[in-house]
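What follows is a single structure, written as structure tokens, with notes after it.
The values are calculated or read from the model by the stated rules, or taken from the named source; none is laboratory data. What you see is a predicted model, and the numbers here were worked out from it, not measured in a lab. A quick note on method: Cβ atoms are made from the backbone with ideal geometry, for glycine too, and the neighbour counts reach across all protein chains shown. What goes into the accessible areas is simple: the full protein's heavy atoms, side chains included, and nothing from ligands, DNA or RNA. Shrake-Rupley method; radii C 1.70, N 1.55, O 1.52, S 1.80 Å.
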Amino acid sequence: MEHNVRQTKHSTSRRSFLRKGLVVGGAGAIGAGLLANGLPLPAFAEEGRASLTRGDVAILRFLAAAEILESDLWQQYNELGGIQDSEVPGGSGSAAYIKALEVLDEDMPQYIHDNTEDEFSHFTFINAYLVFKGADPVNLDKFRTLPSSKASGAQHIGRLTNLMQLSVDTSYWTRYRSRTQNPDFGDTFAQAIPGLSKGQFPAIPRNDGDLAPANHIQAIANTAGFHFGYIEQGGSSLYPTLAQGVTNLEVLRIVLSIGPTETAHFQTWHDKAGNAPALTDPTNGLVFPDLNASGGEDTQTNLIMPEPTVFLSRKFPVVSIIRPTQIAGSGGAVATIKSFTADGLFIGQSQEFFAVLNQLAGQADAARRG
Ligand SMILES: [Fe+2]
């Protein structure tokens with residue numbers, strides 16, 4: 001009892017000390033320990049005192065860059081296929097493209113809008129936090145040089161990413177259905193839509209000529225549907241992979257709080273892509289097969305939750321997990337940029353763009369906890 005009382009007294013006095021310390025800290029550094037409305041935010045301010053390691057800054061800076069890139073591509077999708085409003089302004093929509101997207105789910109425009117808004121919030125937050133901690137935010141504006149779609153509904157502004165010549169890797173589909181393999185063990189996975197990984201295909205209409213015939217614009221919407229899943233499974237692996245290199249607990253909290261929203265996106269897109277109708281694009285021969293035709297689990301469309309598979313060691317029981325997550329493995333920052341490059345997202349970008357991105361990625365992958 002005596003012991004308990006002492007403990008309580010101790011923790012009370014420690015709390016009041018911290019509170020006093022915070023007031024002094026807040027007065028001494030206005031803005032550092034205060035919210036925008038002037039109210040102190042104790043847990044945040046307390047944690048915020050610990051400085052970030054070079055590795056923490058590198059991880060956050062790479063994630064800011066990745067989120068800027070994601071925002072740029074999602075913005076292009078939203079202008080033509082989403083909902084344009086005060087939350088996600090820009091563009092005026094393409095009726096034929098939206099109609100084709102709605103074949104996958106009638107709520108596709110809402111989901112595209114929400115995914116876009118989320119990505120903007122991610123990089124805006126991470127950059128604001130970097131500034132708060134005295135680190136440099138990331139700005140890729142000088143690389144907004146790629147062309148916009150000429151289809152009615154798109155803004156005519158410079159872009160960071162290309163969505164009109166994509167080679168989409170759909171191996172995530174079989175990777176998340178495998179019960180025996182894991183990319184962290186060096187395993188590789190079959191393409192769900194083999195044609196999409198060969199050649200270059202638009203995921204948004206390039207111009208109004210792409211709005212017909214019906215199976216062509218549907219193929220473009222199908223491509224987008226599988227590309228959404230590809231992008232967001234990347235984020236789903238990137239965050240837990242980089243989290244393992246984080247030192248500061250508050251940075252870990254940021255990474256662990258943003259990362260799973262990428263997985264929430266992935267889960268939605270994984271489900272919707274399964275509704276993409278089987279067809280052949282009459283203009284280029286791109287085939288979307290019936291994924292349920294084989295009767296096998298590797299492509300079954302309703303298996304959208306991760307199947308349990310091997311993790312850490314084959315001696316352990318299988319477990320349902322995000323894959324990959326091996327630090328500096330295929331889920332890391334350098335691997336993400338390599339994958340985005342193979343996807344065609346950066347077609348037309350400058351050498352300087354790749355140099356900047358690869359430097360940010362290399363520094364993030366090199367971060368080590370401690
Ligand atoms: Fe994001």
Worksheet item: Between residues in region 250-279 that are closer than 30 Å to Leu52 by Cα and residues that are away from the ligand (no atom under 16 Å from the Cβ) and open to solvent by 20 Å² or more (accessible area, probe 1.4 Å), which pairs lie under 8 Å by C-beta distance while being six or more apart or on different chains?
Response: Glu250/Phe44; Glu250/Glu47; Glu250/Ala50; Val251/Leu52; Arg253/Glu47
Worksheet entry | Test: residue in region 55-69 that is in a helix (DSSP H, G or I), at pLDDT below 85 and more than 16 Å from the ligand (Cβ to nearest atom) | no
Item to complete: Could you check, for region 115-127, whether at least one of its residues is away from the ligand (no atom under 16 Å from the Cβ), at pLDDT 95 or above and aliphatic (A, V, I, L, M)?
Response: no
Worksheet item: Is it true that some residue in region 287-296 is outside any loop (DSSP other than H, G, I, E, B), of a type in the set (S, T, N, Q) and over 30 Å from Val138 (Cα atoms)?
Response: no
Worksheet item: Residues in region 152-160: is at least one more than 16 Å from the ligand (Cβ to nearest atom) and either crowded, with 22+ Cβ neighbours inside 10 Å or within 25 Å of Ser236 (Cα to Cα) (or both)?
Response: yes
Worksheet item: Looking at this structure, is Leu345 in a loop (DSSP other than H, G, I, E, B) and surrounded by 14 or more Cβ atoms within 10 Å (Cβ to Cβ)?
Response: yes
Practice prompt. For region 190-213, indicate whether the set of residues that are β-branched (Val, Ile, Thr) and part of a helix (DSSP H, G or I) is non-empty.
Written response: no
Discussion item. Being free of Cβ contacts under 8 Å to residues at least 12 places away in the same chain and closer than 22 Å to Thr124 by Cα is the filter here; which residues of region 140-192 pass it?
Written reply: Asp141, Lys142
Discussion item. For the condition more than 16 Å from the ligand (Cβ to nearest atom) and out of contact with any Ser or Thr (no Cβ under 7 Å at 6 or more places or on another chain), what is the one hit in Gly229, Gly235, Gly209?
Written reply: Gly209
Worksheet entry | Every residue from region 266-315 that is open to solvent by 20 Å² or more (accessible area, probe 1.4 Å) and within 16 Å of the ligand (Cβ to nearest atom) | Gln267, Thr268
Fill in: Candidate set: region 246-260, residues that are open to solvent by less than 50 Å² (accessible area, probe 1.4 Å) and part of a helix (DSSP H, G or I); chosen: the one nearest to the ligand (Cβ to nearest atom)
Ile258
Discussion item. Residues to consider are Gln110, Gln84; find the one that is open to solvent by 30 Å² or more (accessible area, probe 1.4 Å) and not in a helix (DSSP H, G or I).
Written reply: Gln84
Worksheet entry | Output for region 128-139, where each listed residue is part of a helix (DSSP H, G or I) and either within 11 Å of the ligand (Cβ to nearest atom) or touching a residue at least 60 places away in the same chain (Cβ under 8 Å) (or both) | Tyr129, Leu130, Phe132
Fill in: Checklist (1) touching a residue at least 40 places away in the same chain (Cβ under 8 Å); (2) within 20 Å of the chain's Cα centre (by Cα) applied to Arg369, failing item
(2)
Fill in: Any chance Val103 is open to solvent by 10 Å² or more (accessible area, probe 1.4 Å), closer than 25 Å to Thr247 by Cα and β-branched (Val, Ile, Thr)
no
